[in-house]
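Heads up: the structure comes next, in structure tokens.
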Amino acid sequence: MQRAANDVMQSILFSAVLDAIAALKAGSGGLPNNLLRDVQAIHANVTFADLPKALQDAIAASTRTAFTQLLKEGYAVGPKGEQQRTARPMDRVPERERRGPAEGHRRGGRPPRGGGDRPGGGDRPGGGAPPGRGAPSRPARKPKGKPRLA
């Protein structure tokens, strides 16, 4: 039974991380201070050339192993353009004619929402966008009754 791509990749990455940690330990010569120095030298902007030699070798070996394992599991590995040309799945829904904007609006000729026929271009009475969204707000209503003294 073929394993899911997620399971294969998780297995590959887990093995690569374990190999890298083992390479760091081996490269430190069993000295905790050297191991700590090597680990602290790894950061987001580190380049492959800046890594210790043992770690570089472990990453190269893990990469070769990862491609081999993907091929063994039945997954295709190759350049992007080549993969798309050879293994493109068939469309399940056939292409259909699409009307351009010159032939009318969607939904049987009705104008699109939001355009409105009112002055100002909005669907609201008075035109424009609702208050608080770029359009000037309406004046506040005057309170009814006697004013309260606070």
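The values are calculated or read from the model by the stated rules, or taken from the named source; none is laboratory data. On a predicted model such as this, the values are computed, not experimentally measured, just so you know. For neighbour counting, all protein chains shown are included, and Cβ atoms are generated from backbone atoms with ideal geometry for every residue, glycine included. Heavy atoms of the whole protein, side chains included, go into the accessibility calculation; ligands, DNA and RNA do not. Shrake-Rupley method; radii C 1.70, N 1.55, O 1.52, S 1.80 Å.
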Subset of the stretch 39-50 (residues that are open to solvent by 100 Å² or more (accessible area, probe 1.4 Å), outside any loop (DSSP other than H, G, I, E, B) and farther than 19 Å from Ala60 by Cβ): Gln40
So Leu55, is it of a type in the set (A, V, I, L, M, F, W, C), surrounded by 11 or more Cβ atoms within 10 Å (Cβ to Cβ), without any contact (Cβ under 8 Å) to a residue 60 or more places away in the chain and over 23 Å from Val8 (Cα atoms): no
Candidates Ala76, Ala60 - the one that is modelled with pLDDT under 90 and either farther than 25 Å from Ile21 by Cα or surrounded by 10 or more Cβ atoms within 10 Å (Cβ to Cβ) (or both): Ala76
Hits in the stretch 11-38 (condition: in a helix (DSSP H, G or I), open to solvent by 60 Å² or more (accessible area, probe 1.4 Å) and farther than 21 Å from Thr63 by Cβ): Pro32, Asn33, Leu36, Arg37
Yes/no for Leu70 being in a helix (DSSP H, G or I), within 28 Å of Asn6 (Cβ to Cβ) and modelled with pLDDT under 90: yes
